[in-house]
1. Are any residues in the stretch 312-341 more than 22 Å from residue 131 (Cβ to Cβ) and part of a helix (DSSP H, G or I), and if so, which ones?
2. Have a look at 39, 74 and point out the one that is assigned by TED's automatic domain parsing to the domain that holds residue 127 and either in contact (Cβ under 8 Å) with a residue 60 or more places away in the chain or surrounded by 22 or more Cβ atoms within 10 Å (Cβ to Cβ) (or both).
3. Please verify whether the stretch 225-246 includes one or more residues that are in contact (Cβ under 8 Å) with a residue 24 or more places away in the chain, within 30 Å of residue 14 (Cα to Cα) and part of a strand (DSSP E or B).
4. Condition first: over 17 Å from residue 331 (Cβ atoms) and in a strand (DSSP E or B). Now tell me which residues in the stretch 127-152 satisfy that.
5. Tell me whether the stretch 173-183 contains one or more residues that are closer than 28 Å to residue 303 by Cα, in the same structural domain as residue 50 (by TED's automatic domain parsing), within 24 Å of the chain's Cα centre (by Cα) and not in a strand (DSSP E or B).
6. Can you name every residue in the stretch 187-209 that is in a helix (DSSP H, G or I) and under 14 Å from residue 280 (Cα atoms)?
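The values are calculated or read from the model by the stated rules, or taken from the named source; none is laboratory data. These numbers were taken from a predicted model, which means no experiment stands behind them. Glycine also receives a Cβ, built like all others from the backbone with ideal geometry; neighbour counts cover every protein chain displayed.
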């Protein structure tokens, strides 16, 4: 096994941030989720330390953006505290700093060896890596039986994307839109207009404030928990992403009725947060916003716009996402357990937070050995139903503090498909 070197970069240190950005910028597989500005903004959600851990041998190194999280829970009337690490919300996972495509087993072994040492030095119980589905990173850990002594892997479901190369130039929209989405667009174009701002624009702060108000109203309507609400500092952190952030607002006359935040990388765009009010839902604002995000991503040279998945397999939200006619991908995360004894103790706590759950399966049970593993999933048969959509655009469902779901991900966006 080649010698492993480990480097830690902190997103709050200017010198580290400069090196971190340079490493991401030189990678042929770079995406927005790996940038220090994004990780720094995400640290506001969990009050955690934003870092990048770089490990591997020689030129074949891997970067993992991570949040070091102070965790606590009450067990037997006493408070238990510990530390762990996880990828920020989204589809960051691991960044191959040298090539695109699947990472060689030896290189992945070398990275995991470095990750073990890194976690042990910091007394972290475990590290959760949310894998990038559009890069098919779950295939790096195939066959799952081979890796079962190193990690636990959990397949969460499907996430959908819009193929920006399959474009209807005459209508200036994705070619694969289902009939109900086309009806949304006709209604929206008659009644609504879209404005756009980038994070670097002079009016970005005003646009973000309008969006934050719409988003908050959406959560009030849904009676969402405090966990799903973001502080003003989170939105300020997103503004620091400059040209990587897009802010789309939809207007009915002089009234803002919907909004969507988009993140842009080199090859992929990502829906991030969205919200609409009653008027927006009436006139198809959600579909108009995603089409506008697709247009902007296409202009930037992106191949796909990731729009996320459903709360559970086959639900109306997933059907809505797939009705844009693009490919679907498999989403998974892996848990590297640095302290197995401590991890199992935490799993035995009543109401243990994610990912400390006894039900978290070992790698070899996901999926069964006889099941084929594919990057892209087949498109479903259209149902024609109009869903009520309660999830974040760019990912799988949110992970409430109860641990019911494995991802921080979808923080209760409301995009309601409109008739």
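1. 316, 319, 320, 341 - these are the residues of the stretch 312-341 that are more than 22 Å from residue 131 (Cβ to Cβ) and part of a helix (DSSP H, G or I).
2. Working: 74 fails: either in contact (Cβ under 8 Å) with a residue 60 or more places away in the chain or surrounded by 22 or more Cβ atoms within 10 Å (Cβ to Cβ) (or both).
The conditions single out 39.
3. yes
4. Selection gives 127 alone.
5. No: the stretch 173-183 contains no residue that is closer than 28 Å to residue 303 by Cα, in the same structural domain as residue 50 (by TED's automatic domain parsing), within 24 Å of the chain's Cα centre (by Cα) and not in a strand (DSSP E or B).
6. 187, 188, 189, 190, 191
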